Amino acid sequence: DAGLLMGVEGGRATDFIIKLAKNVRRGLAGRVAKGWRPCAAPIGYKNVGDEGNKEIIPDPERFDLVRKMWDLLLTGEYSMAQIKEIATEKWGLRTVIRKNSGGAPMVMSHLYKMFKDPFYYGSFEWKNIETGQHELYPGKHKPMITKAEFDRAQAIMNRGTKTKAQTREFAFTG
């Protein structure tokens, strides 16, 4: 019967997909346990090596430029917009060219994400398979900044961001 055969084949395909997903998660967890972030390296770093042995090393083209951006932020005298303009206009910093994207100037959201990423001081966040929570793992890559510099950068970025409760009077309210 064709319906029975399709049901069996569908079940086998589903089983294959479930096993494949488990193998991928196991492989990613293995990389995390070894201290390697199992996804693309952030700007300033690059992935090198073959599929089973990828490592993350400083990008010779961008590492020093990104470090200088951290230095500008740590002075506390530059806004994000000024840092972005200096890096893209004066220094010519561009995003990493990948298969279908890259080579463009950095955007503000990318800048904020970069300055909040613990990867730059030697750790990385990854979702724990058992708990389902994001956890911090020590990395084997060369840190760009110290933990103290990272903490100071967070304090600089967060100052002046306290929002005030806004109360507005609208016609015919109350």
Range of Cα positions in the range 70-113 per principal axis (Å), largest first: 36, 21, 14
Ala21-Ile97 FRET efficiency (beta carbon distance; Förster radius 22 Å; 0.05 resolution): 0.15
Nearest 10 degrees, 0 to 90: helix 2-34 Cα axis against the chain principal axis: 40 degrees
Descending principal axes extents, the range 31-160, alpha-carbon based, whole Å: 41, 33, 22
Leading residue at positive end of dipole, the chain (Cβ point charges), from Gly3, Trp126, Phe115: Phe115
Percentage relative contact order, the range 63-111, counting C-alpha pairs under 8 Å, at least six apart: 29 percent
Degrees between helix 147-158 axis and first principal axis of the chain (Cα, 0 to 90, nearest 10): 70 degrees
Helix axis angle, 63-75 relative to the chain longest principal axis, alpha carbon, degrees: 50 degrees
Protein accessible area in the range 1-136, 1.4 Å probe - carbon and sulfur %: 55 percent
Accessible surface, 1.4 Å probe, highest first, among residues Asp1, Asp71: Asp1, Asp71
Rel. contact order, % - alpha carbon contacts under 8 angstrom, at least six apart, the range 1-70: 18 percent
Virtual spin-label span in nm between Thr167 and Asp151, 7 Å along Cα→Cβ: 3.9 nm
The chain - accessible surface per residue (Å², probe 1.4 Å): 69 Å²
By accessible area with a 1.4 Å probe, ligands and nucleic acids excluded, highest first: order of Val8, Val66: Val8, Val66
Within straight-line cross-link reach of Lys22, lysines at Cα separation under 18 Å, skipping those fewer than 8 residues along the same chain: Lys127
Distance (nanometres) between label positions extended 7 Å along Cα→Cβ at Ile129 and His110: 3.3 nm
Accessible area in the full protein assembly, largest first, 1.4 Å probe, for Tyr120, Tyr137: Tyr137, Tyr120
Within the chain: Cβ-based charge dipole about Cα centre, in debye rounded to nearest 20 (Lys, Arg +1; Asp, Glu -1): 200 debye
Longest exposed-site-free window of the chain, the sites being trypsin sites (Lys or Arg not before Pro) in a DSSP loop that have at most 10 other C-beta atoms within 10 Å: 1-97
Efficiency of FRET between Lys140 and Arg12 - r from beta-carbon atoms, R0 35 angstrom, step 0.05: 0.35
Point-to-point label distance, Asp117-Asp50, nm (Cα→Cβ direction, 7 Å offset): 2.7 nm
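The values are calculated or read from the model by the stated rules, or taken from the named source; none is laboratory data. None of these values were measured; they are calculated from a predicted model. Glycine also receives a Cβ, built like all others from the backbone with ideal geometry; neighbour counts cover every protein chain displayed. All accessible areas refer to the heavy atoms of the entire protein, side chains included, with ligands and DNA or RNA removed. Shrake-Rupley method; radii C 1.70, N 1.55, O 1.52, S 1.80 Å.
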